[in-house]
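First comes the structure, then the notes that go with it.
The values are calculated or read from the model by the stated rules, or taken from the named source; none is laboratory data. All values reported here derive from a predicted model rather than from experimental measurement. Note that we place each Cβ from the backbone using ideal geometry, even for glycine, and neighbour counts take in every protein chain shown. Quick note on the areas: whole protein, heavy atoms, side chains included, nothing else; ligands and nucleic acids left out. Shrake-Rupley method; radii C 1.70, N 1.55, O 1.52, S 1.80 Å.
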Amino acid sequence: MNNLIISAVGSDRSGIISEISGIITSHGGNIEKSRMTRWGSDFTIIMLVMVDSKWKESLVVALQAIKELSITIKSTEPNTVITGENCQISLSGADNEGIVKVLSKYLAGKSINILEMETHITNAPVTGTPLFNLLAIITIPDNIDLAEIQSDLTLIAQKLGVEIVVNQFESITETV
């Protein structure tokens, strides 16, 4: 079996998901994970698909034949094991440039892996001030002290004028 990461971006229209998933299914593929959303007037999708080697080439050709979508397909290796403690980071506060850069640079410097990250802007209820919101799932290596991370993130939050909360999950070994 081949693992493929398939991403597609294009003008939003009814039936995109049905068309893509139909092509994958008709080529013996199985969608293992996916994220789909509308950004502005465009639709975007990213998915991890498993497909038999004999169907891979025809699947790629069929997907790339979809009109009005920019499709990228990349092979990936299965079963990468990540060990450590999973935590969720919630960040919210005044929207200003560089929040993602500062946070991700800090985490990278500590060898902390970001498994997922989602950001969006909301407006404060009374004032309408733009508020930045971030939700991330991270894996902290076993040799790193969570208390130190929480302390460092508190300092970063103060400098950025935001609130950062770290919630701990169970320690795991995850296959992604």
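Key figures
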{"read-out": "Count - residues of the range 1-46 that are touching a Leu at 6+ places or on another chain (Cβ under 6 Å) and open to solvent by 70 Å² or more (accessible area, probe 1.4 Å)", "value": "2"}
{"read-out": "Verdict on Leu4 being touching an Asp or Glu at 6+ places or on another chain (Cβ under 7 Å) and in a strand (DSSP E or B)", "value": "no"}
{"read-out": "Count - residues of the range 65-118 that are without any contact (Cβ under 8 Å) to a residue 40 or more places away in the chain, polar (S, T, N, Q) and surrounded by 14 or more Cβ atoms within 10 Å (Cβ to Cβ)", "value": "2"}
{"read-out": "Matching residues in the range 119-134 - criterion: being within 24 Å of Ile46 (Cα to Cα), hydroxyl-bearing (Ser, Thr, Tyr) and touching a residue at least 24 places away in the same chain (Cβ under 8 Å)", "value": "none"}
{"read-out": "Residue match in the range 153-173 (condition: touching a residue at least 12 places away in the same chain (Cβ under 8 Å), open to solvent by 70 Å² or more (accessible area, probe 1.4 Å), closer than 29 Å to Thr44 by Cβ and aromatic (Phe, Trp, Tyr))", "value": "yes"}
{"read-out": "Residue match in the range 122-142 (condition: among the polar types (S, T, N, Q) and open to solvent by 80 Å² or more (accessible area, probe 1.4 Å))", "value": "yes"}
{"read-out": "Spans of strands (runs of 3 or more DSSP E) in the range 11-80 with at least 2 residues closer than 23 Å to His120 by Cα", "value": "30-39, 42-51"}
